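Heads up, the thing below is written out as structure tokens.
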Amino acid sequence: MKKALSYWLLVLPVIYFVLMAACSQPPAKDKARLFKEALDFFQSKTQAIILSARNGRAIVVVNPDFQGRVMTSTAKGLNGLSFGWTNHEVMISGRRDPHMNAFGGEDRFWLGPEGGQFSLFFKASSPFDLDHWFTPPPLMRAASTWWQKMKLR
């Protein structure tokens, strides 16, 4: 009985500290972002379109610079959490990779198959390797033509 008690006196503090460490807050770089912070970023770097419910709680940011992609949204107004993921580094750099650009966002539209003889991502008769893999240009085009037409109205 004494051995079991001394065993648990050693094990319980270890379990406690492991649980406390697992429940601690994430590092600063991984903290959730407020919607208004994400919105400020998009408005400073892109032509963000804001769609919202009448009560102002449900808000969506659509980005015509990236094919009308939904970049982020919230269900609790400007002070709610931003649900989208943003690759800030890629957006700020202005550099564009000819293979693919991971700008981020909430939605994902992807065509397949990505590889093989019927792939949309390889030119006919090219080798199936990453050097020859390219996202089709219409999927990477900058501003959507529908947005350009809307701006003229």
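If I model a spin label at VAL90 and ALA124 as a point 7 Å from the Cα along the Cα→Cβ vector, what separation in nanometres do I get?
Output for this residue pair reads 3.0 nm.
Report the full-extension gain for the segment ARG57 to ASP40: residue separation times 0.36 nm, less the Cα-Cα distance, to one decimal in nm.
Gain on extension, ARG57 to ASP40, equals 4.4 nm.
Show the residues, 5+ positions off or on another chain, whose built amide H is closer than 5 Å to the amide H of LEU81.
Amide H neighbours of LEU81, under 5 Å, 5+ apart: PHE35, ALA75, LYS76.
Which order do the peptides 110-118, 69-77 come out in when sorted by mean C-beta neighbours inside 10 angstrom, highest first?
Numbers: 110-118: 10.1, 69-77: 19.4.
In decreasing order of mean packing, 110-118, 69-77 become 69-77, 110-118.
Quick note: the coordinates plus some simple rules give every number you see, no bench work behind them. All of these numbers come straight from a predicted model, not from anything done at the bench. Ideal geometry is used to build each Cβ from the backbone, glycine not excepted, and the neighbour counts take in all protein chains shown.
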